[in-house]
Amino acid sequence: MKRLISTPIFLLLFSTLLYSQDYNFSVSEIPENLKENANAVIRFQELSVQILAQNKMTVRVKKAVTVLNKFGDGHKYVSVNFDKNQKIKEIKTYVYDASGKEIEKIKIKEFEEVSAVDGSTLYGDSRVLYYRYVPTAYPYTIYSEYEVETINTGFVPGWNPISSYVTAVQSSSYKLISKEGLNVRFKEFNFEDFTVEKETSAYNLSYKIENIPAIKKEAYSPRLSQITPVLITGLNKFSLEGIKGEASNWSEFGKWQYDYLKAGNDQILETTKMEVTNLVSGVDDPIEKAKIIYKYVQERTRYISVQVGIGGWMPIPANTVHRLGYGDCKGLTNYTKTLLDAVDVESYYTVIWAGDDNENIESDFFSMQGNHIILNLPTDTGDIWLECTNQKVPFGYLGDFTDDRDALVITPQGGVIKHTKVYAPEENHQLTTGTFEIDAAGSIKASVKIDSKGTQYMDNLMRNDGASQKELETLFKDYLSYINNIQFSKIEVFNNREAMVFEEEIAFSATNYATISGDEMLIPINAFNRSLSIPNRIRNRKLPFEISQSYTDVDEIKITLPSTLEVVYVPESKVIASKYGEYSIEISKIDAHNYVYKRTIRIDEGKYPKEEYDLYRTFRKSIRKYDNSKIVLKNKN
């Protein structure tokens with residue numbers, strides 16, 4: 001799922017519709033400092049929101065972007081979501097050349113109207129009006145303006161003026177006017193390092209920012225919303241899909257949402273109830289019951305991708321999902337919960353921000369947040385979290401898509417903020433065991449087993465499970481890219497759901513693994529899990545850096561050397577400790593031609609100031625150096 005900031009329409013909106021001819025879009029009008037490091041320059045973006053009633057809101061857009069080169073072409077799209085409750089009132093689009101001359105006026109018939117959801121009729125009303133400009137020369141400017149009217153005041157657009165790297169902002173503004181009695185709530189993030197003009201009151205908000213140079217993305221950069229201004233907004237009195245609500249905190253908001261979600265969507269046929277009841281017959285433990293139901297859901301449903309906010313927040317009725325055998329995250333989670341209710345297992349629909357950024361539901365600001373739904377099972381020993389959209393993952397498993405973040409659990413008593421599973425570095429564990437043998441010509445014959453747990457389980461599962469033998473060969477050749485002429489004699493992968501381990505076994509041979517120089521042979525000791533890359537060198541780094549995921553790798557490999565040669569050098573044991581993790585290697589002698597190589601690397605997640613980047617880079621350089629250590633042999637005299 002892609003993140004939505006706070007509304008299902010794209011967020012570049014404006015105060016009054018004017019004619020584009022009133023503006024000078026010549027590239028010469030852009031200040032030179034805004035072109036530096038920029039692939040595009042937002043000439044202006046204006047967002048204007050009017051709350052006319054608890055169930056009526058208009059949102060207006062005006063935006064002009066000059067695309068300087070092909071790398072800025074992500075700005076060439078104009079796209080507006082609409083449905084039966086969200087109407088497009090007006091839309092205009094123009095394109096200009098470098099001198100500011102109009103070269104195209106896009107007619108409404110040139111826009112495509114497509115479904116917001118591919119391959120499904122469940123959300124037939126959820127549509128997108130879409131236009132993609134095909135440039136013939138650079139730079140060019142694309143200007144768009146439109147107005148949308150909606151009854152869904154639960155989604156009040158916020159402001160995110162600096163939304164992409166290598167894009168400068170000449171001007172961005174936000175205005176919100178609300179009807180008296182419909183007080184506006186808002187929260188600001190990361191304003192302290194920027195000059196933002198603003199005026200705020202109970203019913204009006206006004207913000208403006210100007211002349212922000214492009215921010216160049218650096219290795220390990222945090223997401224922009226962590227370091228640039230973001231405004232989120234909401235109402236205490238709101239409406240969604242024609243249902244009015246009122247709340248002043250997460251508890252009240254969650255209670256309203258619980259009642260709203262439950263309204264007829266948690267019904268299943270008596271035959272379905274009897275079926276699942278029979279499945280758990282004789283089972284008393286609620287967790288064991290939940291495992292049976294979870295497996296049942298995985299085996300008879302599939303997932304379709306629909307962003308939360310498209311098609312509303314109400315899930316598809318459980319009966320519909322049961323009949324069709326598919327649904328989005330809302331529908332599948334509600335369906336699973338309904339089946340668990342039928343067998344007397346307590347569970348709760350849960351709203352979360354999914355993605356690699358570990359973004360939290362804002363615990364002190366209630367509003368329509370999140371882009372994904374999972375299921376919470378409270379137990380005497382702690383919370384169990386279920387991902388209901390994946391047919392492959394084990395019961396109770398969360399990967400880095402939804403781990404370690406605040407989520408909104410919706411209970412009959414109200415909304416509760418809970419934190420999802422946090423994987424310690426030792427839980428994100430990969431164990432590599434195996435053997436390799438080197439012959440007198442420097443060829444290698446190897447056998448290895450790789451067991452992955454935690455977030456590494458999901459990484460390997462999604463990459464390798466279900467792949468054909470040919471695809472697996474390609475994947476493992478990439479994984480062992482430092483070994484040339486590799487020939488596989490065995491590749492097997494197994495998703496061990498019960499143990500939550502992804503198991504991989506390979507056997508291969510390759511010529512010229514060792515390097516022969518004169519009468520010496522140099523054999524790299526790390527054949528299966530070599531750290532090849534190091535962070536890019538960055539002079540005068542501007543941004544803090546972030547290690548987003550912790551993990552631990554442990555390797556234990558038996559090495560057999562050619563008996564016709566004698567060993568003259570074996571790398572010494574080494575331990576490298578830092579605040580970013582720890583690395584160690586140890587080589588133990590069994591006999592004259594057999595050794596055991598042990599390697600451990602632990603990387604700790606964290607956020608660090610830019611001044612420490614070189615220290616982290618030095619740590620990773622040292623790991624690469626010792627991963628390339630070699631045993632040296634020579635001919636016997």
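The values are calculated or read from the model by the stated rules, or taken from the named source; none is laboratory data. What you are looking at is a predicted structure, and each value in this text was computed from that prediction instead of being measured. Cβ sites come from the backbone with ideal geometry, for glycine too, and all protein chains shown count toward neighbours.
What the table shows:
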| quantity | calculated |
| --- | --- |
| Top-ranked residue in segment 620-637 [being touching a Lys or Arg at 6+ places or on another chain (Cβ under 9 Å) and outside any loop (DSSP other than H, G, I, E, B); ranked as surrounded by the fewest Cβ atoms within 10 Å (Cβ to Cβ)] | Arg624 |
| Residue in segment 62-83 that is assigned to a strand (DSSP E or B), at pLDDT 95 or above, among the basic types (Lys, Arg) and out of contact with any Pro (no Cβ under 9 Å at 6 or more places or on another chain) present | yes |
| All positions within segment 160-215 that are closer than 23 Å to Ala247 by Cα and among the basic types (Lys, Arg) | Lys179, Arg185, Lys187 |
| Selection from segment 484-530 of residues that are more than 28 Å from Gly466 (Cβ to Cβ), assigned to a loop (DSSP other than H, G, I, E, B) and of a type in the set (Gly, Ala, Ser) | Ala514, Gly518 |
| From the options Glu199, Glu180, residue that is in a loop (DSSP other than H, G, I, E, B) and over 30 Å from the mean Cα position of the chain (by Cα) | Glu180 |
| Every pair of residues 6+ apart whose Cβ atoms lie under 6 Å, when the first sits in segment 320-333 and is assigned by TED's automatic domain parsing to the domain that holds Trp385 and surrounded by 24 or more Cβ atoms within 10 Å (Cβ to Cβ) while the second is of a type outside the set (A, V, I, L, M, F, W, C) and assigned to a helix (DSSP H, G or I) | Val321/Gly331; Val321/Tyr335 |
| Near pairs, Cβ below 8 angstrom, 6+ apart or cross-chain, from segment 36-51 (closer than 20 Å to Lys217 by Cβ) to any residue that is of a type in the set (D, E, K, R) | Asn37/Lys216; Val41/Lys35; Ile42/Lys63 |
| Filter pass, Tyr348 being in contact with a strand residue (DSSP E or B) (Cβ under 9 Å, 6 or more places away or on another chain) and modelled with pLDDT of 95 or more | yes |
| Residues within segment 570-594 that are touching a residue at least 12 places away in the same chain (Cβ under 8 Å), in contact with a strand residue (DSSP E or B) (Cβ under 6 Å, 6 or more places away or on another chain) and outside any loop (DSSP other than H, G, I, E, B), tallied | 11 |
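One line per residue, one yes/no per condition, for (1) of a type in the set (Phe, Trp, Tyr); (2) surrounded by fewer than 20 Cβ atoms within 10 Å (Cβ to Cβ); (3) in contact with a helix residue (DSSP H, G or I) (Cβ under 9 Å, 6 or more places away or on another chain); (4) in a strand (DSSP E or B):
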{"residue": "Thr350", "(1), (2), (3), (4)": "no, no, yes, yes"}
{"residue": "Ala354", "(1), (2), (3), (4)": "no, no, yes, no"}
{"residue": "Asp357", "(1), (2), (3), (4)": "no, yes, yes, no"}
{"residue": "Asn360", "(1), (2), (3), (4)": "no, yes, no, no"}
{"residue": "Asp364", "(1), (2), (3), (4)": "no, yes, yes, no"}
{"residue": "Gly370", "(1), (2), (3), (4)": "no, no, no, no"}
{"residue": "Cys388", "(1), (2), (3), (4)": "no, no, yes, no"}
